[in-house]
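**Q** My questions all concern the structure below.
The values are calculated or read from the model by the stated rules, or taken from the named source; none is laboratory data. Computed from a predicted model, the values in this text were never measured in an experiment. Counting neighbours? That spans all protein chains shown, and the Cβs are built from the backbone with ideal geometry, glycine included. Remember, those area values only see protein heavy atoms, side chains included, never the ligands or the DNA or RNA. Shrake-Rupley method; radii C 1.70, N 1.55, O 1.52, S 1.80 Å.
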Amino acid sequence: MFTITDKAAEKAKDILTAEGKSGWGLRVYSAGGGCCGPSYGLDIDENPSADDEVVEKNGLKVFIDKSTFSSVSQMTLDYCEDEDREGFVLSGGQAPSCSSGCSSC
């Protein structure tokens, strides 16, 4: 099941509020593949599409289209902060985790 950490939910809500888009959600989408395997992106979206799966955590909604959901369903959306970078990270499956220091492949 796709999960969202408390930290990711709170940071996303803070960003949405700062952008004047309180109540909107995040969209997870497939961004193709590369040497590290599949890659995914995040965007801001006001409403889910008809074929989206919607996952909620602490008032944050995450929209994922059905074809992408099948490949991220066992992943976790987290928010990492370390000395090298800061941002949202999908972990689980073949994706890196925050414990790996937010490093790329």
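**Q** Right, GLY33: at pLDDT below 95 and assigned to a strand (DSSP E or B) or not? Walk me through how you get there before you give the answer.
**A** Working: at pLDDT below 95: yes; assigned to a strand (DSSP E or B): yes.
Criteria met by GLY33.
**Q** Out of curiosity, is LEU42 in contact (Cβ under 8 Å) with a residue 12 or more places away in the chain, in a strand (DSSP E or B) and in contact with a helix residue (DSSP H, G or I) (Cβ under 7 Å, 6 or more places away or on another chain)?
**A** Working: in contact (Cβ under 8 Å) with a residue 12 or more places away in the chain: yes; in a strand (DSSP E or B): yes; in contact with a helix residue (DSSP H, G or I) (Cβ under 7 Å, 6 or more places away or on another chain): no.
Taking the combined requirement at face value, the residue does not satisfy it.
**Q** Within the range 70-87, restricting attention to residues that are open to solvent by 50 Å² or more (accessible area, probe 1.4 Å) and assigned to a helix (DSSP H, G or I), which residue is nearest to SER30 (Cα to Cα)?
**A** If we take residues in the range 70-87 being open to solvent by 50 Å² or more (accessible area, probe 1.4 Å) and assigned to a helix (DSSP H, G or I), then SER71 is nearest to SER30 (Cα to Cα).
**Q** Taking only the range 51-69 into account, find how many residues are open to solvent by 60 Å² or more (accessible area, probe 1.4 Å), of a type outside the set (S, T, N, Q) and either part of a strand (DSSP E or B) or over 14 Å from ARG27 (Cα atoms) (or both).
**A** To start, the set of residues in the range 51-69 that are open to solvent by 60 Å² or more (accessible area, probe 1.4 Å) comprises 51, 53-54, 56-59, 61, 66-67.
Filter again for of a type outside the set (S, T, N, Q), leaving 51, 53-54, 56-57, 59, 61, 66.
Subset that is either part of a strand (DSSP E or B) or over 14 Å from ARG27 (Cα atoms) (or both): 53-54, 56-57, 59, 61.
Residues flagged as open to solvent by 60 Å² or more (accessible area, probe 1.4 Å), of a type outside the set (S, T, N, Q) and either part of a strand (DSSP E or B) or over 14 Å from ARG27 (Cα atoms) (or both) within the range 51-69 amount to 6.
**Q** Please work out which one of (1) in contact with a Leu (Cβ under 6 Å, 6 or more places away or on another chain); (2) modelled with pLDDT of 95 or more is the condition PHE88 fails and give its number.
**A** Only one criterion is unmet by PHE88, namely (2).
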